[in-house]
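One structure is given here, and the rest of the page talks about it.
The values are calculated or read from the model by the stated rules, or taken from the named source; none is laboratory data. These figures come from a predicted structure and were not determined experimentally. Positions of Cβ are backbone-derived with ideal geometry, glycine not excepted, and every protein chain shown enters the neighbour counts.
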Amino acid sequence: MDERIKNLKLVSLIGLFANIFLLIIKLVVGITARSQAMIADSLNSAADIFASCMAFIGAKISSKPNDEDHPHGHGKAEYVFTQLISVSMIAAAVLMINKSFESIMNQNKLDFSIFLIIVCVITIFTKLLLYLFTRRRNKKYNSLLIQASMEDHRNDMIVTLGTLLGIGASYLGFYYVDGIVGILISIWIAYTGFSLFKSSYQVLMDTNIDNEKQKEIINSVLKYEDILHVDSLFSKPIGDKHIIILKVSMDGNLTVNKSHDIAGKIKDDLKKQYTYISDVIVHVNPH
């Protein structure tokens with residue numbers, strides 16, 4: 001777990017410094033050239049900076065051990081901070097959509113500069129390196145926050161390609177394309193924000209694990225000959241893991257010690273077999 005948290009912090013810090021650099025060059029060139037697409041892209045970098053900070057703080061808090069007030073740890077801190085990130089992204093997207101519409105209505109024209117192209121190329125190359133780095137870390141540590149960073153870097157490459165399209169179209173005289181691309185980028189940012197909000201909301205509202213995982217766990221439990229039936233299965237998410245709450249039926253003539261030993265064996269085996277299970281609570285019903 002320590003190694004996983006260290007890598008999560010490393011991914012966050014590298015993303016933070018890279019996005020600060022990209023924000024500065026995008027904003028300076030975007031304002032100078034009056035490119036709404038580039039300014040929207042810079043706003044995306046600003047949101048990425050905030051996201052990296054929140055991911056770092058979330059990782060730091062979620063790594064704290066169990067205590068009296070938090071018997072199951074602090075894993076949900078990751079999702080609390082994810083919601084802060086998502087709300088800020090949506091707010092920024094709404095603001096930029098308004099500015100892009102104004103740009104189209106007022107027929108604002110950008111001042112073409114070779115630096116617009118250079119910034120786009122630098123951004124795409126930087127994001128490609130970050131994507132490959134985070135993908136490698138995600139394969140090794142299987143972290144939801146690292147995965148979110150990986151997908152964000154991939155999305156940023158697509159967004160910047162759209163910015164490049166808007167710049168090229170404006171240079172050819174289609175001034176309105178720059179504003180349209182700014183709107184499309186803002187919609188993409190808003191969509192990403194809503195997706196993050198939905199994912200974190202499901203965890204914070206204790207959404208049960210999916211049906212496929214439920215079937216896998218039930219089939220594993222039914223392999224024990226003393227288990228006559230799995231009466232119910234619920235889960236409680238804690239960060240990127242789950243507490244499984246099982247109700248099973250056993251022969252009512254079994255001793256308390258015997259049924260307790262079977263329940264303990266089920267708990268230990270499920271925790272070893274499924275990495276997403278943090279703890280298992282087994283309630284035995286007499287059949």
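Assess whether Met150 counts as being in the same structural domain as Leu23 (by TED's automatic domain parsing), farther than 18 Å from Leu43 by Cα and surrounded by 14 or more Cβ atoms within 10 Å (Cβ to Cβ). Answer is yes for this residue.
Criterion first (in contact (Cβ under 8 Å) with a residue 24 or more places away in the chain, over 16 Å from Glu78 (Cβ atoms) and touching an Asp or Glu at 6+ places or on another chain (Cβ under 8 Å)) does Asp231 satisfy it? Here the answer is no, as Asp231 does not meet what is asked. Scanning segment 165-192 for residues that are within 11 Å of Met96 (Cβ to Cβ) and among the small types (Gly, Ala, Ser) yields Gly179, Gly182, Ser186, Ala190. Select from segment 248-287 the residues that are outside any strand (DSSP E or B) and polar (S, T, N, Q) and write down the one among them that is surrounded by the most Cβ atoms within 10 Å (Cβ to Cβ). Step by step, filter segment 248-287, then rank; the result is Ser259.
Does Leu228 qualify as being surrounded by 14 or more Cβ atoms within 10 Å (Cβ to Cβ) and farther than 30 Å from Ile90 by Cβ? Answer is yes for this residue.
Considering Val119, Val87, the condition of being buried (at least 23 other Cβ atoms within 10 Å of the Cβ) and at pLDDT 80 or above is satisfied by Val119 alone.
Screening Gly173 against (1) under 21 Å from Ile25 (Cα atoms); (2) outside any helix (DSSP H, G or I) leaves a single unmet condition, (1). When we screen Ala59, Ala55 for residues that are closer than 30 Å to Val181 by Cβ, in a helix (DSSP H, G or I) and of a type in the set (Gly, Ala, Ser), the only hit is Ala55.
Report yes if some residue within segment 218-227 is touching a residue at least 40 places away in the same chain (Cβ under 8 Å) and part of a helix (DSSP H, G or I); otherwise report no. Yes, there is a match, as at least one residue in segment 218-227 is touching a residue at least 40 places away in the same chain (Cβ under 8 Å) and part of a helix (DSSP H, G or I).
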